[in-house]
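The values are calculated or read from the model by the stated rules, or taken from the named source; none is laboratory data. No experiment lies behind these values; they were computed from the predicted model shown. Cβ placement follows ideal geometry from the backbone for every residue including glycine, while neighbour counts extend to all protein chains displayed. Ligands, DNA and RNA are stripped out before the accessible areas are found, and what is left, the full protein with its side chains, is counted by its heavy atoms. Shrake-Rupley method; radii C 1.70, N 1.55, O 1.52, S 1.80 Å.
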Amino acid sequence: MTLSAQALPLFYRSPMLIRAPEHLTFGVKPSETPFSFAAEATAIPIVANEFAVAGRHYPIVFANDATGLPLVVTGIEAGQNLFVTADGQWRAMHYVPSYVRRYPFIGMTTDEAGAIMLGIDSGSGRLTADVRREGGEPLFASDGTPTDASRAAITFCEAYAIEHERTKAFVAALSEHKLLVERSATIRPAQARNGSEGSKAPADISVGGFRLVDEAAFRALDRSVVADFYARGWLDLIVLHLASQFAWQDLAALARPLESPERAAA
């Protein structure tokens, strides 16, 4: 599988700015399958302050496109997110990226230097134009002031936007010092490694189309660059990114678990 580049924002079909009085009756309904929208995502954007916790559960890679932004790999076969269950839940005990938790809201600006304003994906099934009839969390009070739900959403989006800018600066520095190189991962499923008898060994799984920090280039950095990276907290991010590569085998185990003897015989 190749982690293909695609135009962001991922998941969003038709983002729109939320404003009163146009959207006075709008609201967001609860969902019994809250993460079903992410069920086909094999890679999801993350920002810098997520590296420590996300790297415990997913490989962290960098997009092989003009943005070069970091992603967590959530699947090894096209169209399958291994962390979204059949009933639309996120796999228990695994970190949910903030990009996913933010949906269907999104921060929007009218120009590059403009203030962050609250937007929402009008294509989301959770959005209702008549919250009083359909139920859910209203976005505005009757007098047009934002509700607690709206205020919480814009606070989340503002914090995400700040961290996104920090992440862009980090990636720009990696690119400037030629630290990112294209790589692919070849994963041997556990059954093949264990040499199970009486069954055909599953094929290796190949994942490509992403970039990693080149360790040799990283260790060859000039001391002044290392000092600058340290001061900005970027050395930590690089180490966490490299350590996260041990999570590839966990993905393989989720994708193709060992079959029990009874099931294999069937």
Condition test on S206, is it at pLDDT below 95, surrounded by fewer than 18 Cβ atoms within 10 Å (Cβ to Cβ) and in a loop (DSSP other than H, G, I, E, B)?
no
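To keep it simple, each residue is scored yes or no on (1) in a loop (DSSP other than H, G, I, E, B); (2) open to solvent by less than 20 Å² (accessible area, probe 1.4 Å).
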site	(1), (2)
V61	no, yes
D65	yes, no
G75	yes, yes
A78	yes, no
D111	yes, no
I120	no, yes
Return the pairs, sorted by first residue and then second, in which the second residue is among the acidic types (D, E) and open to solvent by 30 Å² or more (accessible area, probe 1.4 Å), the first residue lies in segment 210-224 and is in contact (Cβ under 8 Å) with a residue 40 or more places away in the chain and closer than 23 Å to T74 by Cα, the beta carbons are less than 7 Å apart, and the residues are 6+ apart or on different chains.
R211/E182
Is it the case that some residue within segment 126-140 is of a type in the set (S, T, N, Q) and out of contact with any strand residue (DSSP E or B) (no Cβ under 6 Å at 6 or more places or on another chain)?
no
Residue set F11, F51; condition at positive phi, modelled with pLDDT of 95 or more and in contact with a helix residue (DSSP H, G or I) (Cβ under 6 Å, 6 or more places away or on another chain); output residue F11
Considering only residues of segment 152-180 that are of a type outside the set (G, A, S) and without any contact (Cβ under 8 Å) to a residue 24 or more places away in the chain, which is least open to solvent (accessible area, probe 1.4 Å)?
T155
Here the residues within segment 92-104 that are without any contact (Cβ under 8 Å) to a residue 60 or more places away in the chain and under 21 Å from D250 (Cα atoms) are A92, M93, H94, Y95, P97
Since G88 meets every condition but one in (1) touching a residue at least 24 places away in the same chain (Cβ under 8 Å); (2) farther than 25 Å from T42 by Cα, which condition does it not meet?
(2)
